[in-house]
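The values are calculated or read from the model by the stated rules, or taken from the named source; none is laboratory data. Just so we're clear, the structure is a prediction, and the values are computed from it rather than from any experiment. Every residue, glycine among them, receives a Cβ derived from its backbone with ideal geometry; neighbour counts consider all protein chains shown.
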Amino acid sequence: MSGINADAAGAIPAAWRRHGVILFGLNALYVGFGMIMGVVNGGLPTVMRAQGIDISTAGWIYLLYLPFGLTFLWAPLIDRLRLPFLSSRTGWIVTMQAIAVLGLVIVAFSNGASPLVLFGLGFGVVLAIATMDIALDALAVRIVAPDWRSTASATKLAALSIGTMIGGGVFVALAGDLGWRVTFLVLALALVVLLCPVLTLGKRDELTGTGTEPAKNSRKASLLRLLRDARLRKRLILLCIACSIMFPLVGLNRLMLVDIGVPVSEIGWIVGTLGPLSMLLTSAVSIPLMRYLGLERSMLIFAAVAFAAIGAMTFGFAFENRLAGIGGAIAIGAGVSGIYVVLATKIIGWSAGTQPATDYAAYYGISRLASTLMTVAAAQIVAFVNWGLFYGFGAIALLVMVVLLLALIGRND
């Protein structure tokens, strides 16, 4: 008995070491991915505006988000084609990361180029990094064991949050101090360094898996295979509805704060800093919650945070209470992030089939595209109704969504 206990005791640290290496390799690249997203969202437009480019031209930079939501269109290629070096997925990861690094180096030496040229270079970088992300997600689906999926989802959120803060914050500060060329060269170097840990996972990609993945099936990967399956189609539809309800509630809160008189500088410093930090806290808390309370109870806890945040923002708008509005704007990000971590845990399991890149890109990309379009539409709706009605209907929609999602994640499939 003592020998068995010793073996069991030794197996636990071994499992932690093995998955620690896996999560470190995956999340290093997720930090890099978050950095590029942060640059696109808040870094590059700010730097371009500071260099004298007009607001309308700098605003077009946000179109660089498009590849992040459209990767499902070419994700089947990652499942079908294996590049002639490294493993099935690490080959794609290294190639796309290398293209992104090359693009950043070219951008570094293109200071003063026309906005159209910079947009084209930026689009190439984003296209490469978005494709790398899909291959990385497929690798995660392949090598993360089922009982580690919740931890993988939570640490991914943390890595993306750190990367976004670097890309949207540190990048801007560096650009002011170091100049355009050095800043982009540092960003390119960071992507090279963050690529190194994943190179150790190639053997796991080939030898380990959470499901079967015959090569002949991978070569037939297709988005239509997912859409033809009624069960998978239902998952995708519910996921799109959920994201279309949650993310407008997060994406528009800064506009509400402006409407109640919160200074833009205050919004940037407080919400822009505490928002990502609340997401980091959510990622840390979600790991023990999901492991010990399960996915359904964890979702209820995060939903309660989201409802409280909606109440605070509604109160803040109705009474022009800045403190309540700011607190709600920060808390809604934490609540929605927690709900999405639970969903991401299920998405990893749903994608563990013969075409992991295609399925993950469909679940993640299509829902992200739907939520982006709904956020744009919601901004137009707010113009015709007040924020109180918007948050009231948002709370009702969120309640219905949580009920539907609890039924979905409660199934053992």
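Pairs linking a residue in the stretch 113-139 that is within 21 Å of residue 34 (Cβ to Cβ) and polar (S, T, N, Q) to a residue that is modelled with pLDDT of 95 or more and part of a helix (DSSP H, G or I), with Cβ atoms under 6 Å and 6 or more positions apart or on different chains, are 131/96.
Of the helices (runs of 4 or more DSSP H) lying entirely inside the stretch 121-201, the ones with 1 or more residues being of a type in the set (Phe, Trp, Tyr) and modelled with pLDDT under 90 are found at 171-178, 180-195. Looking at this structure, is residue 385 free of Cβ contacts under 8 Å to residues at least 24 places away in the same chain, in a helix (DSSP H, G or I) and surrounded by fewer than 17 Cβ atoms within 10 Å (Cβ to Cβ)? Against the criterion (free of Cβ contacts under 8 Å to residues at least 24 places away in the same chain, in a helix (DSSP H, G or I) and surrounded by fewer than 17 Cβ atoms within 10 Å (Cβ to Cβ)), residue 385 does not qualify.
Say we look at the stretch 79-95 and pick out the residues that are surrounded by 23 or more Cβ atoms within 10 Å (Cβ to Cβ) and not hydroxyl-bearing (Ser, Thr, Tyr); which of these is farthest from residue 192 (Cα to Cα)? The extreme case among them is 79. Residue count for the stretch 257-289 satisfying the condition of being part of a helix (DSSP H, G or I), of a type in the set (A, V, I, L, M, F, W, C), at pLDDT 90 or above and over 19 Å from the mean Cα position of the chain (by Cα): 1.
Any idea which of 365, 335 is of a type outside the set (A, V, I, L, M) and closer than 15 Å to residue 239 by Cα? Lay out the reasoning, then the answer.
Values: 335 fails: closer than 15 Å to residue 239 by Cα.
It is 365.
Which one of 377, 362, 334 is buried (at least 23 other Cβ atoms within 10 Å of the Cβ), under 22 Å from residue 398 (Cα atoms) and assigned by TED's automatic domain parsing to the domain that holds residue 230?
Numbers: 377 fails: buried (at least 23 other Cβ atoms within 10 Å of the Cβ); 362 fails: under 22 Å from residue 398 (Cα atoms).
Criteria check complete, one pass: 334.
For the stretch 313-339, a tally of residues being in a helix (DSSP H, G or I) and either small (Gly, Ala, Ser) or free of Cβ contacts under 8 Å to residues at least 40 places away in the same chain (or both) returns 15.
Taking the conditions exactly as written (part of a helix (DSSP H, G or I), assigned by TED's automatic domain parsing to the domain that holds residue 387 and either touching a Lys or Arg at 6+ places or on another chain (Cβ under 6 Å) or surrounded by 14 or more Cβ atoms within 10 Å (Cβ to Cβ) (or both)), does residue 308 satisfy them or not? In short, yes. Figure legend. Inter-residue proximity from the stretch 243-263: first residues farther than 19 Å from residue 318 by Cα and in the same structural domain as residue 369 (by TED's automatic domain parsing), second residues modelled with pLDDT under 90 and among the charged types (D, E, K, R), beta-carbon distance below 8 Å, spacing 6+ or different chains. Indicated pairs: 243/368. Does residue 149 meet the test of being under 18 Å from the mean Cα position of the chain (by Cα) and basic (Lys, Arg)? Considered against the rule, which asks whether it is under 18 Å from the mean Cα position of the chain (by Cα) and basic (Lys, Arg), residue 149 comes out as yes. Residues in the stretch 89-110 that are assigned to a helix (DSSP H, G or I), touching a residue at least 12 places away in the same chain (Cβ under 8 Å) and not hydrophobic (A, V, I, L, M, F, W, C): 90, 95, 97, 103. Condition check: closer than 26 Å to residue 301 by Cβ, hydrophobic (A, V, I, L, M, F, W, C) and assigned by TED's automatic domain parsing to the domain that holds residue 303. Does residue 397 satisfy that? When the stated conditions are applied, residue 397 passes them.
Would it be correct to say that residue 402 is within 27 Å of residue 136 (Cβ to Cβ), β-branched (Val, Ile, Thr) and part of a helix (DSSP H, G or I)? For residue 402, the condition - within 27 Å of residue 136 (Cβ to Cβ), β-branched (Val, Ile, Thr) and part of a helix (DSSP H, G or I) - is not met.
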